[in-house]
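A.B. asks: Sharing a structure with you now.
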Amino acid sequence: MINTMSLEAVEQRLAEITEEQRAFDARDLDAELGRVIADGGDVDAVEDAHLEAERQARRLRVERQALEARLPIARAEDAQTKLKGVVDEHSALAEQAEEAAAAIDEAWKTLASHLDRYAEIREQAQAVHAGALKIIDKSGAKDTIEVPNVGAFTSRRVCSVGKGMFERAEVVMHQGENGFPVGPGHAKSYPLD
């Protein structure tokens with residue numbers, strides 16, 4: 001029954017009908033009948049075969065029309081089936097995203113604590129440097145005393161981590177607030193929390 005055929009079955013049957021119609025269209029029924037008449041053959045049998053072939057061709061045309069009417073419906077049903085898989089996959093990704101977001105939140109708490117401690121140490125080192133400058137100034141021998149290398153600390157590793165976090169965070173924050181623009185109508189974000 002055409003009304004319950006899958007997209008694959010509809011497309012396959014349409015291809016078969018195209019081949020059958022091509023074979024019928026390639027026949028020259030008048031030439032076939034002419035040869036039988038010239039040879040003195042059974043004209044009635046040939047005409048009956050031609051009538052049957054024309055009846056089959058008409059049936060194929062009508063079947064094609066029914067299949068072509070079914071085609072958009074079958075495509076929509078096929079897409080709905082595929083979309084269910086997409087929704088299932090997205091649900092699994094939502095669980096993974098929730099786990100990753102929780103891990104990021106926990107890691108941030110630890111990292112923020114370490115960053116705060118690093119900033120405190122830098123401030124203390126800066127205070128040590130300022131203290132060294134005061135000692136030199138009070139000594140009255142400023143020009144003869146070499147300032148010790150006791151400035152605020154710098155770390156390429158910390159700067160690299162900060163830069164990487166900023167670059168990633170900028171992308172994630174933009175996408176997290178606005179969602180991803182995808183196709184017509186653009187997808188909305190899918191809030192986890």
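The values are calculated or read from the model by the stated rules, or taken from the named source; none is laboratory data. Every value quoted in this text rests on a predicted model; they were computed, and no experiment measured them. Every residue, glycine as well, gets a Cβ built from its backbone with ideal geometry; the counts of neighbours run over all protein chains shown. Surface areas here come from the heavy atoms of the whole protein model, side chains and all, with no ligands, DNA or RNA. Shrake-Rupley method; radii C 1.70, N 1.55, O 1.52, S 1.80 Å.
A.B. asks: Using the charge dipole of the chain (Lys, Arg: +1 at Cβ; Asp, Glu: -1 at Cβ; taken about the Cα centre), state which of Met165, Val62, Val87 has its Cα farthest towards the positive end.
C.D. replies: Checked the options; the winner is Met165.
A.B. asks: Here is a further query. How far is helix 7-26 tilted, in degrees, relative to the longest principal axis of the Cα atoms in the chain, given as a value from 0 to 90 rounded to the nearest 10?
C.D. replies: Compared with the principal axis, the helix lies near 40 degrees.
A.B. asks: Hey, another quick one. Give me the net charge of Ile145's neighbourhood, meaning all other residues with Cβ under 13 Å from the Cβ of Ile145; Lys, Arg count +1, Asp, Glu -1.
C.D. replies: Surrounding charge for Ile145 is 0.
A.B. asks: Follow-up. So what's the back-of-envelope 222 nm ellipticity for the chain, counting only DSSP H runs of four-plus at -39500 (n - 2.57) apiece and dividing by all residues, rounded to 500?
C.D. replies: One gets -29000 deg cm²/dmol as the mean residue ellipticity at 222 nm.
A.B. asks: If I fit a long axis through the Cα atoms of helix 29-39 and take the longest principal axis of the Cα atoms of the chain, what angle between them do I get, 0 to 90°, rounded to 10?
C.D. replies: 30
A.B. asks: Sticking with this structure for a sec: Considering only protein heavy atoms, what per residue accessible area in square angstrom results for the chain with a 1.4 angstrom probe?
C.D. replies: In whole numbers, the chain has 79 Å² accessible per residue.
A.B. asks: Of the options Gly140, Gln21, Ile37, report the single residue whose Cα projects farthest towards the positive end of the charge dipole of region 1-144 (beta-carbon charges: Lys, Arg +1; Asp, Glu -1).
C.D. replies: Ranked along the dipole, the leading option is Gly140.
A.B. asks: In what order, largest first, do His90, His114, His50 sit by accessible area if the probe radius is 1.4 Å?
C.D. replies: Result, largest first: His114, His90, His50.
A.B. asks: Report the full-extension gain for the segment Leu71 to Trp108: residue separation times 0.36 nm, less the Cα-Cα distance, to one decimal in nm.
C.D. replies: Once the chain is fully extended between Leu71 and Trp108, it gains 8.0 nm.
A.B. asks: A further question on this structure: Can you give me the relative contact order of the chain as a percent, contacts being Cα pairs under 8 Å and 6 or more apart?
C.D. replies: It rounds to 17 percent for the chain.
A.B. asks: Still on this structure: Could you state the per residue volume, in Å³, of the convex hull enclosing the Cα atoms of the chain?
C.D. replies: Hull volume normalised by residue count: 229 Å³.
A.B. asks: Output ³J(HN,Hα) for region 149-161: one whole-Hz value per residue in order, computed from phi by the Karplus curve 6.51 cos²θ - 1.76 cosθ + 1.60 with θ = phi - 60°, and x for Gly and Pro.
C.D. replies: Here the 3J(HN,Hα) series is 7, 10, x, 5, 6, 10, 9, 4, 4, 5, 4, 5, 4 Hz.
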